[in-house]
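Before any comments, here is the structure.
The values are calculated or read from the model by the stated rules, or taken from the named source; none is laboratory data. This is a predicted model, so every value here is computed, not measured. In case anyone asks, the SASA skips ligands and DNA or RNA and just uses the protein heavy atoms, side chains included. Shrake-Rupley method; radii C 1.70, N 1.55, O 1.52, S 1.80 Å.
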Amino acid sequence: MEKGQESKSESSRSDDDRESAAGEPSRIVAGFWEKAGAWALPRDSRGEGYGPILRERWVEISFCTLFVFASSWGQTFLLSIFQPSWREELSLSKGAMGALYGGATLASGLLLPLAGRWLDRAPSDRAAAVTLAGLAIGGLIAAAASEVWMLALALFALRFFGQGLSANVGVTRAARWFEHNRGKAVSLAGLGFPLGEAVLPAVVTILIGVMGWRWAWVALAGIAVAVLGPVAYALLRRRRAARGLSKPLPTRRTHDHGARGSLMRDWRFYGMLAVTAPVPFVGTGVIFFQGTIAADRGWPASVFPTGFILFAVIRALFSLSAGAWVDRVGSLRLLAAPTTLFALGLVLLTQPSPAFAFGFFALLGVGFGAASGVMTTAWTDLFGAHRIGLVKSLSSSFAVICAALAPIVFGYALDAGVSIESILWICAAAMVAISWPMSVILRRGSPAFVRCAS
């Protein structure tokens, strides 16, 4: 009797298993959308969520987030606030301002591979000191800029030490210090991006209104040295004390002198670039010419600043969710999602009503939030944490080159009479057409996908 019941029970379980396997794809899709919000974060295979990481490793997370936040000093969303003042002060056209900004960005991007090698070897305290000092110097040069060459030098310093080096310090340390919870750690560090986007535009606007744009840069330089510096060193001291060390932790040195050449010969590197590079190109172009887009539609001046707040909040929520999903299903499965969401946002931005602008910022927040956890983790899964500094610097170099070309291309296209709607439609179509096929090729042809899938 008991054997018959067991046989029946096993048969029932077998049927349930078959039904479960048949419905698994639909459940994955449904579960993703059900749990994509930060209020219902999935745990990884070990049953671990964000709580244990924040309780046990909050020092490392805080340090990484701090430097991702500090990258705002060189990000387009902040520098674009000063664009009208620079153009008026130096009598620059839109095309000339775009070319100057693009040239400074390009120059900083070409140096990033060297910086990446240095980041793989340099102790964290030295990397922190050099980065924050560079941001402060760039801010002071921007404050004193009265000639075009001075503005070019300031833009180079801010882009190199901010958008380039500072972001890489935060992201590479998160990827290297965390192994099992890498997706969550990178996502938590990535919260520095929306934090800067939510706080700094309003702060900088107030500073410019109260003391003028030059003294606003002096204040930003002072914050980098007098506030961010001491906080960073306090966190590093606490990390060393927690590990029982009196000296800075030695950074792992790589003896693979051909690592760069090996990376440049790997087809997966260029496949990843095809998926990731369109985002900084289009994003930089749109944000840099946000005033032109608003004026072309007759939107109130408050639309874009308010939209950035919405963007920052949604980006933060989906950054956390994406990091949890990366640890659960693998980064390569989600590779094309951020680019596709960004492209959908561009379509909304072509519509005439200001309400669609907020839809654009919402999708932009979802796309960029997902990218913060997906992209860096995918690079690390493909090429290893021990050389993530070199990998991220090389990929960032290409991304910076794309970002450098964006103001030039957008600026001269607008000067030539191409409508902003046409530019946005072309960009959206190209992003989808490139990202999805290449993401499929990467998943099917990469050994890393096999490991993630298993």
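Listing for the model above:
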| quantity | calculated |
| --- | --- |
| The stretch 57-97 pair-distance distribution - Cα-Cα, 5 Å bins, rounded % | 5, 20, 17, 15, 12, 9, 8, 7, 5, 2 |
| Semi-axis lengths, Å, the stretch 147-193, gyration tensor of Cα atoms, sqrt of 5 times eigenvalues | 31, 9, 4 |
| For q = 0.17, 0.19, 0.21 Å⁻¹, Debye-computed log10 I/I(0) when each Cα of the stretch 47-196 counts as one equal scatterer | -0.91, -1.06, -1.22 |
| Residue-normalised accessible area of the stretch 199-238, expressed per residue, 1.4 Å probe, Å² | 51 |
| Where R55, R328 fall by accessible area, highest first, once all protein chains stay in place (1.4 Å) | R55, R328 |
| Tail fraction, Cα-Cα pairs, the stretch 80-121, threshold 17 Å, whole percent | 46 |
| Residue-level accessible surface for T205, protein heavy atoms, 1.4 Å, Å² | 80 |
